[in-house]
1. Output the Cα-based Rg and Dmax of the chain in Å, rounding Rg to one decimal and Dmax to a whole number.
2. To make sure I understand the rule: partners must be lysines, Cα under 26 Å from the Cα of Lys11, and not fewer than 8 residues away in the same chain. Which ones qualify?
3. Which value, in debye to the nearest 20, gives the size of the charge dipole of the chain about its Cα centre, when Lys and Arg are +1 and Asp and Glu are -1 at the Cβ?
4. Could you give the angle, 0 to 90 degrees to the nearest 10, between helix 198-208's Cα long axis and the longest principal axis of the Cα atoms of the chain?
5. Arrange Tyr174, Tyr63 by Cβ neighbour counts within 10 Å, fewest through most, would you?
6. I want to verify the translational diffusion coefficient of the stretch 113-216 in µm²/s; compute it with Stokes-Einstein, Rh as the Kirkwood radius over Cα pairs, at 37 °C and 0.692 mPa s.
7. Given a Förster radius of 35 Å and the C-beta distance between Ala80 and Asn145 as r, what FRET efficiency does 1/(1 + (r/R0)^6) yield to the nearest 0.05?
8. Compute the FRET efficiency between Phe109 and Ser181 as 1/(1 + (r/R0)^6), taking r as their Cβ-Cβ distance and R0 = 25 Å, and round to the nearest 0.05.
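Every number here is computed from the coordinates shown, using simple stated rules; none is lab data. Predicted model, so just to flag it, every value in this text is computed and none were measured. Here the Cβ is made from the backbone with ideal geometry for all residues, glycine too, and neighbour counts use every protein chain on show.
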Amino acid sequence: MIQMSEKSLKKLLIALAVYLTSLFAANTLGLKIMPFIFGSHLSVGVFSFPVVFLMTDVIGETYGKRVAKLFVLAGFISTALFILYSFLSLAMPWSSDGEWARQGYNQIFGISTRIAVASLTAFIIAEYQDVIAFFFFRDKLGTKNFWLRSNLSNLWSQLLDTVIFMTIAFAGIYPTRVLISIIITWWLYKVVMGLLYTPLSYIGLRLLRQKPDLTQN
């Protein structure tokens with residue numbers, strides 16, 4: 001059983017808000033792609049999605065594996081509910097006064113069942129693996145060098161997330177060669193962004209750590 005002061009609880013809830021907001025931003029705003037180097041494209045979700053994985057590392061480092069897994073569960077339930085609400089909203093009839101927004105609304109929120117399954121499957125597997133890998137490296141490397149343990153776990157979990165999502169969502173749509181190229185490119189983008197965001201992890205650790213306020217029974 002975890003007990004904490006009101007101040008620590010507030011910080012934990014704010015951290016959860018950052019986590020879920022970053023997750024929703026990646027899943028919705030990420031539909032937009034922008035031009036990148038060598039004629040490639042980059043989703044704007046790359047700015048928010050690395051925060052999701054870094055946040056579980058920060059929470060795990062501060063509050064332990066159990067709380068980190070609860071964050072993952074909260075993200076999964078929230079995403080599943082959002083998709084369910086999206087399907088329900090799309091199925092409802094349109095009022096004639098709202099027809100002006102119909103095409104854009106359906107394009108943005110009209111994700112296919114295959115994409116939804118790909119997103120949920122990749123998220124739950126990769127995020128849990130991130131928590132497991134983070135604590136594996138913590139056991140092997142000790143409690144120092146958080147940046148190394150975090151980026152090593154993200155290296156593996158981001159690869160899992162990219163491979164699972166792209167395979168479920170686009171296998172049979174893109175040729176295998178193109179699909180592999182997309183997987184490698186997106187994985188590297190997310191890993192690099194995660195590395196660049198590492199200083200934010202240390203800010204999060206500093207803000208969340210309240211050792212006298214936290215006990216486990």
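1. 18.8, 62
2. Lys65, Lys69, Lys144, Lys211
3. It comes to approximately 600 debye.
4. With rounding to tens, the tilt is 60 degrees.
5. Tyr174, Tyr63
6. In µm²/s, the coefficient rounds to 214.
7. Calculated transfer efficiency: 0.50.
8. In this case the efficiency is close to 0.30.
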